[in-house]
Amino acid sequence: MLSETLALDRPIVVFDTEATGLYPPRDRIVEIACVKIHPDGRTETFHRRVNPTVPIPEDATRVHGITDADVAAEPTFAAIARELSGFLEGCDLAGYNVDRYDLPLLQFELVRAGVDVDFRKTNVVDAQTIFFSEEGRSLSDAMRFYVGEELADAHSALGDALATVRVLEGELRRYSHLPRRVPELVDRYRTRGTGKIDPEGKLVLKADVPHINFGQKHRGKPFDQVFREEPSYFDWILKGEFSLPIKKYVEAYLLRVRPEGPPPDRRSVRSKR
């Protein structure tokens, strides 16, 4: 059991999603499965199919097998968002390629549902990061390598989540040098969620200082330096095609450094909510 190979100070939720596509800011979840493992070894499962409210592309259906008809009568993500956030509360997270795909996808869905969950202080263990660092394969290969079995129910959210649990167990048994506590394991592979301010990582924290992490002009600069050099840059962000988490963070920053508020010719982000 994972709780026997990894010292858990609090529950860890291993989760997987299936979606309408591969671009978290745009695409929608059609299935999500979460396996919660408690420090005492007890497990709980949260598994839902979701009506994405948009057509599921044929290319996506070919991967996970879920059609529009399959989810037509299922609840929307907004309908399950608070129950899901309650299931995740107080837990660390894990998955396979979760840091770059599943977690940003989940964050965007929660934002759209109006549920505020801050993952920046959550430990995120990505079994793919460990695998690629130590060996380098797909989830199917990881199952074969670490578990000695073929992956059943590939591209089923619950099947992939349960497979990831077994892969993590296998990784921890195989590599005796890996830390046995979640924070130390996260630090080793640098998958802690505190670096990203928004799901896409366009804004990041470095030593608790917000930095720009996109474009050519100001990439790598702290907010305060950008504000000194070009204060209107942040107004440009608020007017532009950026995600709501980015705009909310920038607006909060501007309220601290420019208490008088935005220029009169710009509509506030609040007016769009």
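Structure above, values below:
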item	result
Inter-site label distance for Y23 and F132 at 7 Å from Cα along Cβ, in nm	2.1 nm
Selected from S3, I29, S156, residue furthest toward positive end of dipole (the chain; charges at beta carbon)	I29
Size of electric dipole in the chain: Cβ of Lys, Arg +1 and of Asp, Glu -1, about Cα centre, debye, nearest 20	1240 debye
Net charge, R26 excluded, C-beta distance under 12 Å - Lys, Arg +1, Asp, Glu -1	-2
Net charge, P231 excluded, C-beta distance under 11 Å - Lys, Arg +1, Asp, Glu -1	-2
C-alpha long axis of helix 103-112 to longest principal axis of the chain, angle in °	50 degrees
Fraction of beta bridges assigned by DSSP in region 2-189 that are antiparallel (%, nearest 5)	65 percent
Estimated dipole of region 115-258 in Debye, rounded to 20 [Cβ of Lys and Arg +1, of Asp and Glu -1, Cα centre]	620 debye
Backbone N within region 15-35 under 20 Å of label point (7 Å from D70 Cα along the Cβ vector)	15-24, 27-35
Globularity index of region 55-152, i.e. its alpha-carbon radius of gyration over 2.2 N^0.38 Å	1.28
Filtered trypsin sites (Lys or Arg not before Pro), region 1-94: DSSP coil and at most 14 other beta carbons within 10 Å	R26, R42
Extended-chain gain in nm, criterion 0.36 nm per residue less alpha-carbon gap, R180 and D59	39.6 nm
C-alpha long axis of helix 77-88 to longest principal axis of the chain, angle in °	70 degrees
Stretchable slack from E241 to S140, in nm (0.36 nm times residue separation minus alpha-carbon distance)	32.7 nm
Alpha-carbon Rg/Rh ratio, for the chain, with Rh computed the Kirkwood way	1.00
Cα-based helix-to-principal-axis angle, 244-257 vs the chain, degrees rounded to 10	40 degrees
Gain on full stretching of the segment that runs from T43 to R258 - 0.36 nm per residue minus C-alpha separation	72.6 nm
Within region 9-116, GluC sites (Glu not before Pro) in DSSP loop having at most 12 other beta-carbon neighbours inside 10 Å	E89
Protection proxy ranking, peptides 225-232, 245-252, 159-166, 180-187, average beta carbon neighbours within 10 Å, highest first	159-166, 245-252, 180-187, 225-232
Cα pair distances in region 1-128, grouped into 5 Å bins until the bin that holds the longest one, percent each	2, 11, 21, 23, 20, 12, 8, 3, 1
Part-to-part distance (alpha-carbon centres) for region 63-81 and region 104-163, which is given in Å	20 Å
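Laboratory data are not the source of any read-out in this text; all were calculated from the coordinates shown. The structure displayed is predicted, hence computed values, not measured ones. Heads up, the Cβs are rebuilt from the backbone with ideal geometry, glycines too, and the neighbour counts pull from every protein chain shown.
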